[in-house]
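Okay, so here's the structure we're looking at.
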Amino acid sequence: GESVGLHLPTLSVQEGDNSIINCAYSNSASDYFIWYKQESGKGPQFIIDIRSNMDKRQGQRVTVLLNKTVKHLSLQIAATQPGDSAVYFCAENPSTGNQFYFGTGTSLTVIP
Amino acid sequence: KAGVTQTPRYLIKTRGQQVTLSCSPISGHRSVSWYQQTPGQGLQFLFEYFSETQRNKGNFPGRFSGRQFSNSRSEMNVSTLELGDSALYLCASSLDDRPGHTGELFFGEGSRLTVL
């Protein structure tokens with residue numbers, strides 16, 4: 001199967017600092033990527049997406065960077081807040097249809 | 001607009017039994033996908049339905065099946081339950097309104113299945 005991996009399983013940051021969560025994907029044909037946030041006891045929540053024809057996309061306090069050359073995806077969270085504490089997943093879509101492959105997740109802890 | 005609704009939220013079964021989980025997508029969404037989430041394997045794709053047809057299928061045994069109704073609601077069934085089937089089963093819907101244009105997935109809160 002596909003492999004979508006994360007470099008770090010856990011990340012702790014101080015409140016107010018910026019967070020960077022990384023993700024490596026394996027399929028060079030993947031053309032659509034999504035970052036999800038999952039809080040304990042809840043389903044994954046959409047944060048931001050990016051298509052392969054872009055290398056950067058910004059949302060509210062979040063930025064996703066895509067480097068297709070090295071098949072790397074990152075999520076940057078500005079001014080991290082305690083409410084950002086959660087597990088973050090990257091997901092890639094290598095084909096038409098909604099079959100996504102998810103990374104194993106990074107647990108982000110924000111220290112007040 | 002109501003989100004993706006999954007029922008039941010929690011259930012306990014014993015080995016050998018079967019289970020049916022239900023998912024109501026966001027109104028207007030025609031694509032419904034199912035994922036299994038476990039601590040060891042993470043989120044794994046089970047199958048996707050679009051307009052009552054299975055469009056994609058993951059690498060799960062035939063004990064896992066699903067269907068979609070004309071109103072886009074979907075059910076998944078697991079027969080002959082095994083201990084390893086204990087997991088959070090997540091349903092996601094997508095608008096998928098343009099051919100070749102994958103849309104973002106909106107997830108429900110999941111159905112947590114425990115097999116004893």
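At 20 °C and 1.002 mPa s, grab the translational diffusion coefficient of chain A from Stokes-Einstein with a Kirkwood Rh over Cα pairs, rounded to a whole number in µm² per second.
153
With an 8 Å Cα cut-off and a minimum separation of 6 or more residues, compute the relative contact order for chain B in percent.
Relative contact order of chain B: 36 percent.
Along the Cα→Cβ direction, 7 angstrom out, place labels at B:T5 and B:N77. What is the inter-label distance in nm?
Taking the two extended label points, one gets 2.3 nm.
Which far-off residues, 5 or more places away or on another chain, put their amide H under 5 Å from the one on A:I48, with H placed in the peptide plane?
When sequence neighbours closer than 5 places are left aside, the close amide H contacts are A:W35.
How much of the accessible area of the protein assembly as shown, in percent, comes from carbon and sulfur atoms when a 1.4 Å probe is used?
The value for the protein assembly as shown is 47 percent carbon and sulfur by accessible area.
Counting only other chains, what is the mean number of Cβ atoms within 10 angstrom of the Cβ of each residue in peptide A:40-49?
Mean partner-chain Cβ count within 10 Å for A:40-49: 5.
If you plug each phi of the range B:55-61 into the Karplus form 6.51 cos²θ - 1.76 cosθ + 1.60 with θ = phi - 60°, what whole-Hz ³J(HN,Hα) values come out, in order, with x for Gly and Pro?
Rounded to whole hertz, the list is 9, 9, 9, x, 8, 10, x.
For B:S51, project a label point 7 Å along Cα to C-beta. Then give me every residue of the range B:63-99 with its amide nitrogen under 17 Å of that point.
B:68-73, B:94-99
Tell me which of A:G43, A:N18, A:S74 sits at the most positive position along the dipole axis of chain A, charges placed on C-beta atoms (Lys, Arg +1; Asp, Glu -1).
A:S74
Round to a whole angstrom and tell me the spacing of the C-alpha centers of the range B:62-83 and the range A:53-112.
Measuring centre to centre over Cα atoms gives 30 Å.
Give the lysines reachable from A:K71 as a straight Cα distance under 26 Å; neighbours fewer than 8 places away on the same chain don't count.
A:K71 reaches A:K37, A:K56, B:K57.
Where only protein heavy atoms count, and the probe is 1.4 Å, what is the accessible area per residue for the range B:59-100 in Å²?
Roughly 47 Å² per residue, with all protein chains present.
In Å, what is the Rg of the alpha-carbon atoms in the protein assembly as shown, and how long is Dmax?
Over the protein assembly as shown's Cα set, Rg and Dmax evaluate to 17.4, 51 Å.
Taking both sides together, what accessible area is buried at the B/A interface, probe 1.4 Å, expressed in Å² and rounded to the nearest 100?
So the total buried area for this chain pair works out to about 1800 Å².
Grab the beta carbon distance between A:K42 and B:S86, set R0 = 22 Å, and tell me the FRET efficiency rounded to 0.05.
Result of the calculation: an efficiency of 0.75.
Within a 10 angstrom radius of each residue's Cβ in A:98-109, how many Cβ atoms of other chains show up on average? Whole number is fine.
Per residue, the average neighbour count from other chains is 5.
Largest first, please: the extent of the C-alpha atoms of chain B along each principal axis, to the nearest Å.
On the principal axes, chain B reaches 42, 28, 26 Å in Cα extent.
Over the range A:11-73, one equal point on each Cα, no solvent: what is log10 I(q)/I(0) by the Debye formula at q = 0.28 Å⁻¹?
For the range A:11-73 at q = 0.28 Å⁻¹, log10 I(q)/I(0) is -1.30.
The values are calculated or read from the model by the stated rules, or taken from the named source; none is laboratory data. In this text, all values refer to a predicted model and were calculated from it rather than measured experimentally. Cβ sites come from the backbone with ideal geometry, for glycine too, and all protein chains shown count toward neighbours. Only protein heavy atoms, including side chains, enter the accessible area calculation; ligands, DNA and RNA are left aside. Shrake-Rupley method; radii C 1.70, N 1.55, O 1.52, S 1.80 Å.
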